[in-house]
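Peer 1: The structure follows.
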Amino acid sequence: MRAIFLFLALCVMNFSWAQDQEERDDSFIRESNKNLLKIDIREPFMQVAVKCNAFKPAAFEGGVAAYKDILNRYMYAYLNSDFYALTGDFTFTLVLDDKGKVTDVKGMPKVANSEVFFDDMQYVVRRIKKNWIPASCNGKPVASQIKVKMNFSSMSADID
């Protein structure tokens, strides 16, 4: 009888200490074997101006917030931050063609180990299968560029 009571008491204590998954803030930190990530993608995205009388900027289906959410999730899922520990503000320029497809991703500023991070970001952005609605000039689709600013922190730590 004591064994059953002890077992039930341990179960109740275990459930009382369990975290509610709804309250977890996934946008703050992802834990992996050795790295902690913090990503803050800033809105609004900036459209690089194109000389045109009737310019309409590129747009993403669902808006900038939808793209930010997808990008954030994909960064946590696909960044291989085992090869770099970076902290700071970064700007990525998404180069869009006249069909709305991202053809290139350029990162700035260049610091130690940032090239590997920039290569990872190219991979992350290309994993997003939805295209942008292309920018237009006088009603015709044109190539354009969008600047995405973010604060990125990756810290290496032994988690044992």
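The values are calculated or read from the model by the stated rules, or taken from the named source; none is laboratory data. All values reported here derive from a predicted model rather than from experimental measurement. Heads up, the Cβs are rebuilt from the backbone with ideal geometry, glycines too, and the neighbour counts pull from every protein chain shown.
Peer 1: Under 8 Å by Cβ, and 6 or more places apart or on different chains, what pairs join a residue from region 119-144 that is touching a residue at least 12 places away in the same chain (Cβ under 8 Å) and in a loop (DSSP other than H, G, I, E, B) with one that is surrounded by fewer than 14 Cβ atoms within 10 Å (Cβ to Cβ) and small (Gly, Ala, Ser)?
Peer 2: The qualifying pairs are Asn138/Ala54; Gly139/Ala54.
Peer 1: Here is a check on your reading of the model: is Val142 out of contact with any Pro (no Cβ under 9 Å at 6 or more places or on another chain) and under 20 Å from Val64 (Cα atoms)?
Peer 2: no
Peer 1: Next up: Could you grab me the full set of residues in region 48-76 that are of a type in the set (A, V, I, L, M, F, W, C), in contact (Cβ under 8 Å) with a residue 40 or more places away in the chain and exposed (fewer than 14 other Cβ atoms within 10 Å of the Cβ)?
Peer 2: Cys52, Ala54
Peer 1: Counting only residues that are within 26 Å of Lys140 (Cα to Cα) and not in a loop (DSSP other than H, G, I, E, B), how many does region 99-118 have?
Peer 2: Residues in region 99-118 being within 26 Å of Lys140 (Cα to Cα) and not in a loop (DSSP other than H, G, I, E, B): 5 in total.
Peer 1: Name, by its number, the condition in (1) within 18 Å of Ile41 (Cα to Cα); (2) without any contact (Cβ under 8 Å) to a residue 24 or more places away in the chain; (3) of a type in the set (A, V, I, L, M); (4) out of contact with any helix residue (DSSP H, G or I) (no Cβ under 8 Å at 6 or more places or on another chain) that does not hold for Ala112.
Peer 2: (1)
Peer 1: Run Ile4 past the list (1) modelled with pLDDT under 80; (2) of a type in the set (Val, Ile, Thr); (3) surrounded by 10 or more Cβ atoms within 10 Å (Cβ to Cβ) and report the number of the one that doesn't hold.
Peer 2: It fails just one condition, (3).
Peer 1: Sticking with this structure for a sec: Among the residues of region 80-98 satisfying the criterion of being touching a strand residue (DSSP E or B) at 6+ places or on another chain (Cβ under 7 Å) and in a loop (DSSP other than H, G, I, E, B), which is surrounded by the fewest Cβ atoms within 10 Å (Cβ to Cβ)?
Peer 2: It comes out as Asp98.
Peer 1: Out of (1) more than 18 Å from the chain's Cα centre (by Cα); (2) among the hydrophobic types (A, V, I, L, M, F, W, C); (3) within 22 Å of Tyr67 (Cβ to Cβ), the odd one out for Ala112 is which?
Peer 2: Among (1) more than 18 Å from the chain's Cα centre (by Cα); (2) among the hydrophobic types (A, V, I, L, M, F, W, C); (3) within 22 Å of Tyr67 (Cβ to Cβ), the lone unmet condition for Ala112 is (3).
Peer 1: Does Ile70 satisfy the condition of being under 15 Å from Met155 (Cα atoms) and at pLDDT 90 or above?
Peer 2: Against the criterion (under 15 Å from Met155 (Cα atoms) and at pLDDT 90 or above), Ile70 does not qualify.
Peer 1: Would you be able to tell me the number of residues in region 21-43 that are part of a loop (DSSP other than H, G, I, E, B) and either at pLDDT 85 or above or over 22 Å from Phe90 (Cβ atoms) (or both)?
Peer 2: Step one: list which residues in region 21-43 are part of a loop (DSSP other than H, G, I, E, B), which gives 24-29, 32-34, 42-43.
Checking which are either at pLDDT 85 or above or over 22 Å from Phe90 (Cβ atoms) (or both) leaves us with 24, 33, 42-43.
Final tally of qualifying residues: 4.
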